[in-house]
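Structure first, commentary second.
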Amino acid sequence: MCRLLAYAAPRETTVSEVIGAENAGAFQRMTTVHNDGWGTAWLAAGPGENRAEVESLRVSTPGQHDPLLESAITEDASNARLVHLRLATDSHKRTKVNTHPFLKEEFAFAHNGTIIPVEIFRELLKPESYDDVEGSTDSELYFAFVRQEIREAGGTVADGVVSALQKLRATFPVASLNAVVLTADELIVVHANSTAFVNDETFRSYGIDPEQLPLDHREHYYKLAMHQAADGTTVFSSTGIDLAGWSRVPDDTITRVDLDTLELTQRKIFDSTQTASRLEPTALNDATIYDLAPRRQRQTGEYNWAI
């Protein structure tokens, strides 16, 4: 149970510039609830380097008053960045190795959800896929499985992600599989939570007073929204900041942004037999993948549906 934020832009910019100073402050204040560490990944090129690579920073202490988190949000500019605020699941310890985003094989990965029981991953993962698992979280096992499927898919990163999601949904039917993947070439956002939900009792089990929760942290906790600016900048966020004017990311979809062209592509992850009925009220604009398309065509020109 965490918060996710990610963007891709045509120039180096900051989270604060992309979502506004007020929202940037609200995002950092959410660490009063999501207080089990934070992390960020971004693109950067060193002196004399022509190609940017994915860099990352993980901190296992709360971020509310952390100047490093404030700097990552307000000062550190990049063409693409993801930020993750952690609320640790059950017994998974607050340690650096359990903090998102995980970075392996030039992939940065962050997850928002709970996947239990984690023991089932032993049936899904090959022994070699465990070799570089450092921590104890369901999220890192999810990441290991995604990389395994990417290697075996023989296609694009998105093909491997979709394959992993389809298999995980069959195995963990009520898990939230929301995630962000950042590589040097693409930003991929997974919105797969149509069967997952939280309620006041969920937060009480974490020792959190539901009355103190940030915006939209009850029935809309796992929902993601997106906003596209006129220059092509695209930003995705969990609830908890002011999302007025944003579009709801359609349920059970994968969205890919090409970091060279900023072309946005989107597709459904599951077929009708795998997409379960919604278990909670709709949120935000609740636009479907089909009625989002004409709107984006008007705003940004030709819209590509294929990944």
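The values are calculated or read from the model by the stated rules, or taken from the named source; none is laboratory data. Model, not experiment: these values are computed from the prediction. FYI the Cβ positions are ideal-geometry reconstructions off the backbone, even for glycines, and counts take in every protein chain you see. Ligands, DNA and RNA are excluded from the accessible area calculation, which covers all protein heavy atoms including side chains. Shrake-Rupley method; radii C 1.70, N 1.55, O 1.52, S 1.80 Å.
Below, the figures for the structure above:
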item	result
Output for segment 42-78, where each listed residue is of a type in the set (Val, Ile, Thr) and at pLDDT below 95	61
Residue in segment 180-207 that is farthest from the chain's Cα centre (by Cα), counting only those that are within 19 Å of residue 35 (Cα to Cα) and open to solvent by less than 30 Å² (accessible area, probe 1.4 Å)	203
When residues of segment 150-179 are limited to those that are in contact with a His (Cβ under 8 Å, 6 or more places away or on another chain) and among the aliphatic types (A, V, I, L, M), the one farthest from residue 101 (Cα to Cα)	177
Matching residues, segment 93-134, being over 26 Å from residue 42 (Cα atoms) and open to solvent by 30 Å² or more (accessible area, probe 1.4 Å)	116, 117, 118, 119, 120, 122, 123, 124, 126, 127, 128
Residues that are surrounded by fewer than 17 Cβ atoms within 10 Å (Cβ to Cβ), in contact (Cβ under 8 Å) with a residue 12 or more places away in the chain and closer than 17 Å to residue 10 by Cα, drawn from segment 45-66	51, 53
Of the criteria (1) at pLDDT 95 or above; (2) open to solvent by 20 Å² or more (accessible area, probe 1.4 Å), which one residue 255 fails	(2)
Neighbours by Cβ (under 7 Å, 6+ apart or cross-chain): first from segment 229-249, closer than 21 Å to residue 86 by Cβ; second open to solvent by 20 Å² or more (accessible area, probe 1.4 Å) and assigned to a strand (DSSP E or B)	235/227
Residue pairs meeting the criteria (Cβ under 7 Å; at least 6 apart or on separate chains; first touching a residue at least 40 places away in the same chain (Cβ under 8 Å) and farther than 22 Å from residue 53 by Cβ, in segment 6-23; second small (Gly, Ala, Ser) and outside any strand (DSSP E or B))	16/24
Single residue of segment 14-50 satisfying the filter (farther than 28 Å from residue 97 by Cα and among the polar types (S, T, N, Q)) that is nearest to the chain's Cα centre (by Cα)	23
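Yes/no per residue for (1) part of a helix (DSSP H, G or I); (2) touching a Lys or Arg at 6+ places or on another chain (Cβ under 7 Å):
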position: 93; (1), (2): no, no
position: 103; (1), (2): no, no
position: 110; (1), (2): no, no
position: 119; (1), (2): yes, no
position: 132; (1), (2): no, yes
position: 145; (1), (2): yes, no
position: 151; (1), (2): yes, no
position: 155; (1), (2): no, no
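Rundown of residues vs (1) open to solvent by 50 Å² or more (accessible area, probe 1.4 Å); (2) touching a Ser or Thr at 6+ places or on another chain (Cβ under 9 Å); (3) within 21 Å of residue 176 (Cα to Cα); (4) not in a strand (DSSP E or B), yes/no style:
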{"site": "8", "(1), (2), (3), (4)": "no, yes, no, no"}
{"site": "42", "(1), (2), (3), (4)": "yes, yes, no, no"}
{"site": "69", "(1), (2), (3), (4)": "no, yes, no, yes"}
{"site": "82", "(1), (2), (3), (4)": "no, yes, yes, no"}
